[in-house]
């Protein structure tokens, strides 16, 4: 259906006898086509709300933005699903003009990174209306009078507004926006508070049309599927009491369809907690017992090489946590204590906050072991092989739905349906990527029951040009049956044969 979207564009001009450019904002509108989806084809699967107000993002500190896309007028945000795409309700489509100037609820207020040549004067396009002093073009000309140079960014802005409209749909007379799967996030905030939000499963900074950033650091959050809301509340309350934090619950889940929930965040929490401990304490291994120091180094190396949680990395993390608990329970010096306050080298080696990080790792392991539903995770089926490197390429196995979602975001034109629907129970998905650019080059799907069978090959974008990627993926699969210590160098030669 045709919809009018008000927007502001910039004009750039020089007045007579003025050497520098001046800029003004001009208000106009664009008639765009927004797809109309029958309500029967997009059933309501969840009902959520997020009561948090806008906050200032890290990169754009002068601009207050609403990070959660589930904070909407009226409170309740309906989540519909059309095919594999989630849509979040906004407001009646005939109220676009009403909310267009309200930064808190304006879904068309985004920041877009501009391509080279789009604009001579700026690198990003902010499509908000609130806070601008926009006037009509006629009013501008009447006010400014004669100008000696003039350029308009209307065509460029209009083009991006039309692109942005593709993120929306009209369902039963209401405007809906495309979103990633909503999840519950418990976020540690600066100042000693723990806040619970409804967020998208993927960071908003990874989207083309950016609406702010995550609250708090990415590594300081525990995330849950919507059907785990009660568990999220219990965990958040326990952490707040244990760490003397102020708990602020902004999230509400009024309806969740368990069969439509894909997300689980246990592996994510444990991975970030383990990296925090291993990354900090590896510089202090010289002060530890040999067993504790080697456990820290083993875990740090496996976490760094895999760059994700795997069974072998998990086993190393468990050993590290147990060894560190034994070490610190003994008569060993570690800051902060009265005995170590004057030992500069010791304090530098351990750094600050190590005890809190170790407590967080212990909690993350307990959190992992308390999972009551592992059916949505691929972790237990993984081949558990180390990635194989052939600079700048890396072959690794997809081991969670989060991995799959990130792959989909970077795949040109979207994931092929056969790849997206691969069953992890019977298929191993191996990706070869350019690890410097985090760009997937190809994906191969192997039969778990017979890894010697030729894989199904998907190239990004052309499967006919990825022969060398197929070789690297096959080397990775073969290395799954070899001791992990040998698999990093396999790409330089012929892969080994399988062993029982």
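Using DSSP, restrict attention to beta bridges with both residues in region 379-492 and report what percent are antiparallel, rounded to the nearest 5.
Counting DSSP beta bridges with both partners in region 379-492, the antiparallel share is about 100 percent.
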So what is the calculated 222 nm ellipticity per residue for the chain, using -39500 (n - 2.57) for each DSSP H run with n of 4 or more, over all residues, to the nearest 500 deg cm²/dmol?
-8500 deg cm²/dmol
I need two numbers for region 379-492: Rg to one decimal and Dmax as a whole number, Cα atoms only, in Å.
12.8, 38
Helix 290-306 axis, angle to the chain major axis (alpha carbon atoms, nearest 10°)
40
Which option, [x] -0.26, -0.94; [y] -0.30, -1.04; [z] -0.36, -1.07, is the value of log10 I(q)/I(0) by the Debye sum over Cα atoms at q = 0.06, 0.11 Å⁻¹ that was calculated from these coordinates?
[z]
Expressed as an acute angle from 0 to 90° and rounded to the nearest 10, what is the orientation of the C-alpha long axis of helix 266-281 relative to the principal long axis of the chain?
70
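Rounded to the nearest 5, what is the percent of antiparallel bridges among the DSSP beta bridges in the chain?
Given both bridge residues lie in the chain, the antiparallel proportion sits at roughly 90 percent.
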Could you give the nm distance between label points at residue 331 and residue 25, where each point is 7 Å from its Cα heading toward the beta carbon?
6.9
The alpha-carbon center of region 118-196 and that of region 25-39 are separated, in whole Å, by 13
Roughly what angle does helix 311-329 make with the longest principal axis of the chain, taking Cα atoms, 0 to 90 degrees, to the nearest 10?
70
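Each reported figure results from applying straightforward, stated rules to the coordinates on display, with no laboratory input. Since the structure is predicted, the reported quantities are computational estimates derived from the model, not experimental observations. Here Cβ is always computed from backbone atoms with ideal geometry, including for glycine, and neighbour counts include all displayed protein chains.
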